[in-house]
């Protein structure tokens, strides 16, 4: 058995542990910038500097529902493509613990506006939760079949790479539940070119992280009790020990969920969200653009 296979097994075990700690995923509200480049003390921005989707101001989703897992009629992703002939790189979006909703679809639209084929994956077979109990039931169901999570995202990557208008370059990104899965998929799934984590659960073992074959982006919240800044610092230190390039920042005084849901507290969230968006676009440009 080769090293990648061994690491993949470890990554699946890590993903199981990630899913075990999601009871406060969307409700938990840790600044010190912990990457080499410090966060600017002041970020000047305006509402149109971030996607309308994360301000709660986007129009209805304009893409299409797609079945991207062969032989699975329940799993229903959301696909939106840029205008023009391409070819375009692709971004796979991984939803929060409540499932694939319109906020995630609208963010996918924003990525299409930036020139990316965007596929919002569906890990819940077309279902969404509407409260903590329903969300946790879906999480626990997924936890019971971790290989299916990896297979789902492998299928998503295969689906977007097969398009005539795609370059073959693929990055994943996710929030909370989806952020933790994005990292574990980078460790245990098929090769892809980028991983963006928004306040997702982390891995802090350098030997495990050494399996990563691309740079990592991370955005975290200083007031997130579930993922404190000390944990993010350990993650960055482990990435450095493993020789993995990274752009990881902790923003303060924002809380968990600040980027996808700027409209919950726009006065506090807008400037950090704009900076995170600027960094994300730069990261994607370097890795898949």
Out of all the residues in segment 79-97, which are closer than 20 Å to residue 54 by Cβ and crowded, with 24+ Cβ neighbours inside 10 Å? 91, 92, 93, 94, 95, 96, 97
Anything in segment 270-281 that is over 15 Å from residue 53 (Cα atoms) and touching a strand residue (DSSP E or B) at 6+ places or on another chain (Cβ under 8 Å)? List them, or say none. 272, 275, 279, 280
Does at least one position in segment 89-105 carry a residue that is assigned to a loop (DSSP other than H, G, I, E, B), out of contact with any helix residue (DSSP H, G or I) (no Cβ under 7 Å at 6 or more places or on another chain) and over 24 Å from residue 262 (Cβ atoms)? no
Please tell me if residue 69 is closer than 21 Å to residue 185 by Cα and either buried (at least 24 other Cβ atoms within 10 Å of the Cβ) or modelled with pLDDT under 95 (or both). no
Is there a residue being under 24 Å from residue 149 (Cβ atoms) and part of a helix (DSSP H, G or I) anywhere in segment 240-257? yes
Yes or no: segment 166-188 includes at least one residue that is farther than 25 Å from residue 244 by Cβ and touching a strand residue (DSSP E or B) at 6+ places or on another chain (Cβ under 8 Å). yes
Of everything in segment 190-207, what is closer than 19 Å to residue 118 by Cα and crowded, with 17+ Cβ neighbours inside 10 Å? Give them in sequence order. 192, 193, 194, 195, 196, 197, 198
With the requirement that a residue be buried (at least 22 other Cβ atoms within 10 Å of the Cβ) and farther than 28 Å from residue 270 by Cβ, what does segment 208-254 give you? 209, 239
Filtering segment 34-65 down to residues that are buried (at least 18 other Cβ atoms within 10 Å of the Cβ) and in contact with a strand residue (DSSP E or B) (Cβ under 9 Å, 6 or more places away or on another chain), which residue is modelled with the lowest pLDDT? 39
Set 108, 112, 118: member being modelled with pLDDT of 95 or more, within 15 Å of the chain's Cα centre (by Cα), within 16 Å of residue 77 (Cα to Cα) and assigned to a helix (DSSP H, G or I): 108
Based on this model, can you work out whether residue 164 counts as surrounded by fewer than 23 Cβ atoms within 10 Å (Cβ to Cβ), closer than 16 Å to residue 123 by Cα and modelled with pLDDT of 95 or more? no
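The values are calculated or read from the model by the stated rules, or taken from the named source; none is laboratory data. Here the structure is a predicted model, which is why all the values come from computation and not from measurement. Reconstructed Cβ throughout: ideal geometry from the backbone, glycine too, with neighbour counts over all protein chains shown.
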